[in-house]
């Protein structure tokens with residue numbers, strides 16, 4: 001049996017070699033139809049487009065993407081072709097929550113953002129949005145507006161007295177807006193360009209905008225206009241419409257701009273690898289016996305007693321932003337050589 005795997009998925013290659021006769025390791029964007037022609041299992045991230053042109057003549061029977069999102073999978077084709085597929089829902093939710101909330105801690109420390117009185121609007125309240133809500137509460141945010149039409153339509157109820165908020169109200173009444181929806185073009189709730197020029201005109205409080213979901217959720221031309229006209233106060237972008245190419249005029253205007261690494265904590269990566277191996281073992285009818293753990297922090301790490309300082313010791317998003325602003329052409333390299341980042345001691 002042959003398995004083809006993206007070379008940037010950590011902690012997985014040794015395990016795969018115990019499961020397969022042949023393991024081919026390649027950069028995700030360079031995996032070709034020839035590579036997968038005689039493969040049984042394909043393990044990817046977002047840079048591999050899994051569609052008819054890649055798979056039609058292949059023997060692939062299982063695809064696992066070690067990511068929450070799966071808009072790079074042509075699921076209609078995969079289902080029609082009888083190719084089983086899995087993503088890893090929630091694998092890096094707490095990592096993205098760390099990114100969002102640590103960015104807000106920087107705004108609190110350096111720009112005087114009052115977290116206690118701020119209203120946080122969360123668009124998309126799945127695994128990630130829920131993790132953001134929980135961590136934001138830990139840092140003293142008390143006021144929330146939550147928008148998730150699919151969950152609301154399904155009759156899902158929120159705990160702690162929270163209720164669903166329609167999008168125009170959330171846009172008008174939030175001091176901070178963070179997006180955590182999938183990127184969809186069709187269906188009852190399409191999300192591409194969820195924030196467009198009309199959306200920015202509704203933002204009465206000149207909010208902080210955070211996108212650590214998918215680049216296409218925001219119309220970047222409309223965003224830049226909104227920034228120039230003062231309709232928003234600060235912008236934090238981890239995902240971009242033209243990835244891996246970024247709009248330099250936007251990059252240098254945002255408070256924090258990073259190369260799609262919000263979910264890149266070692267903890268989140270270990271979770272994704274663990275879930276990926278579990279899916280493969282289920283497919284093969286084997287027990288999941290792999291113990292996947294992230295590396296420890298360096299031996300000389302000195303933890304602060306101050307919670308805010310410790311949180312930023314563990315992860316300061318501004319360091320990733322500085323690297324991307326210095327070398328925007330290195331978007332993929334910065335992702336591929338990402339340093340160790342832990343969510344906890």
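The values are calculated or read from the model by the stated rules, or taken from the named source; none is laboratory data. Predicted model, so just to flag it, every value in this text is computed and none were measured. Cβ sites come from the backbone with ideal geometry, for glycine too, and all protein chains shown count toward neighbours.
What residue, among those in segment 117-137 that are more than 22 Å from residue 199 (Cβ to Cβ) and touching a residue at least 12 places away in the same chain (Cβ under 8 Å), is surrounded by the fewest Cβ atoms within 10 Å (Cβ to Cβ)?
The extreme case among them is 117.
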### Message
Please pick out the residue among 184, 191 that is outside any helix (DSSP H, G or I), in the same structural domain as residue 241 (by TED's automatic domain parsing), at pLDDT below 95 and out of contact with any strand residue (DSSP E or B) (no Cβ under 8 Å at 6 or more places or on another chain).
### Response
184
### Query
Which one is farthest from residue 66 (Cα to Cα), of the residues in segment 89-127 that are assigned to a loop (DSSP other than H, G, I, E, B) and in contact with a strand residue (DSSP E or B) (Cβ under 7 Å, 6 or more places away or on another chain)?
118
### Task
Within segment 233-240, identify whether any single residue is modelled with pLDDT under 95, surrounded by fewer than 21 Cβ atoms within 10 Å (Cβ to Cβ), in the same structural domain as residue 131 (by TED's automatic domain parsing) and within 28 Å of residue 330 (Cα to Cα), and answer yes or no.
no
## Note on the structure
Residues in segment 21-39 that are crowded, with 16+ Cβ neighbours inside 10 Å, assigned to a loop (DSSP other than H, G, I, E, B) and either in contact with a helix residue (DSSP H, G or I) (Cβ under 9 Å, 6 or more places away or on another chain) or not assigned by TED's automatic domain parsing to the domain that holds residue 82 (or both) total 1
### Task
Please determine, by comparing only the residues of segment 270-296 that are assigned by TED's automatic domain parsing to the domain that holds residue 63 and under 15 Å from residue 95 (Cα atoms), which one is surrounded by the fewest Cβ atoms within 10 Å (Cβ to Cβ).
270
#### Entry: Count - residues of segment 52-85 that are touching a helix residue (DSSP H, G or I) at 6+ places or on another chain (Cβ under 6 Å) and either modelled with pLDDT under 95 or outside any strand (DSSP E or B) (or both)
6
#### Entry: Residue that is nearest to the chain's Cα centre (by Cα) [pool: residues in segment 227-239 that are outside any loop (DSSP other than H, G, I, E, B) and over 19 Å from residue 181 (Cβ atoms)]
234
